[in-house]
Structure formats: C-alpha cells, structure tokens
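S.K.: Take a look at the following structure, please.
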Amino acid sequence: LGIGVAMEPNLFEGGGVASFHGKNLKHNIGFWPRYKTCKTFPVVDGAQVRTCTNDNGACCSEYDKGEDSNRTTAIILLKTPYAIGFVVALFLHLLLPEDKEEEEEEDSGKEMKVDPVEA
C-alpha cells in the first residue's frame, strides 16, 4: 500500500510540481482543488474570474486560512506513504476484532496434592 503511494505521490494533488502551470493545475484539478478554499476570486475587466488569470498562479485574491490549512493537511497526509500506512492500520485495528486468548486446561497445570495423613 505504501509502495504504491511512494511510486505516485502526486496522485492526490492535481498537476504535481509542474514549473509554471503547477499552481494553476493545483487550483483547478485534483483530489481537493484549491479553488474550493478561495474566499475572494480576482476581478478582471469588471467580471469575477473563478479560474487563474495568468499562467503563473494568480488564481485567488484571498484564501480561507482554515479551509486551506485543512486541505494542505489532508493532501500531505495522502501524499506520504507512511501516513497512509498508519491510517489504514488504525482503521483495521478499530474494525477487526481481537483474537481470543486460548484458555489453558486447568487440570494440566495443577499438581496433585497428597494428604500424608490419609496415605
């Protein structure tokens, strides 16, 4: 599971780390596009533009800091192989029942006591 994420870390972030258009791609596509965290979109020629206004990442005038930090946290968690392994292990630990301990036979562990008076 972790190896697959390590092989393709940009699966959840649209566009990956592309040089010029990377910010535009992160803004418009992906698991959780960044435009969903935008508070104020830029105005071009009197009209509000919901996509990027140029090829260099001028996509939003102001981001909602809380939503943007939650988005960044979720994407970092999903891009890190060890974090995904931890989350899957945590859910499996919560979902799967614990193994029952085998009870040892009580008779096999006891020593026989002999009363010397009766013998």
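The values are calculated or read from the model by the stated rules, or taken from the named source; none is laboratory data. These numbers were taken from a predicted model, which means no experiment stands behind them. Positions of Cβ are backbone-derived with ideal geometry, glycine not excepted, and every protein chain shown enters the neighbour counts. Just the protein is used for accessible areas: all its heavy atoms, side chains included, with ligands, DNA and RNA removed. Shrake-Rupley method; radii C 1.70, N 1.55, O 1.52, S 1.80 Å.
S.K.: Please verify whether the range 97-119 includes one or more residues that are at pLDDT 80 or above, of a type in the set (V, I, T) and either open to solvent by 50 Å² or more (accessible area, probe 1.4 Å) or outside any helix (DSSP H, G or I) (or both).
M.R.: Taking every residue of the range 97-119 in turn, none turns out to be at pLDDT 80 or above, of a type in the set (V, I, T) and either open to solvent by 50 Å² or more (accessible area, probe 1.4 Å) or outside any helix (DSSP H, G or I) (or both).
S.K.: Kindly provide the set of residues from the range 58-84 that are hydroxyl-bearing (S, T, Y), assigned to a loop (DSSP other than H, G, I, E, B) and surrounded by 15 or more Cβ atoms within 10 Å (Cβ to Cβ), ordered by number.
M.R.: T80
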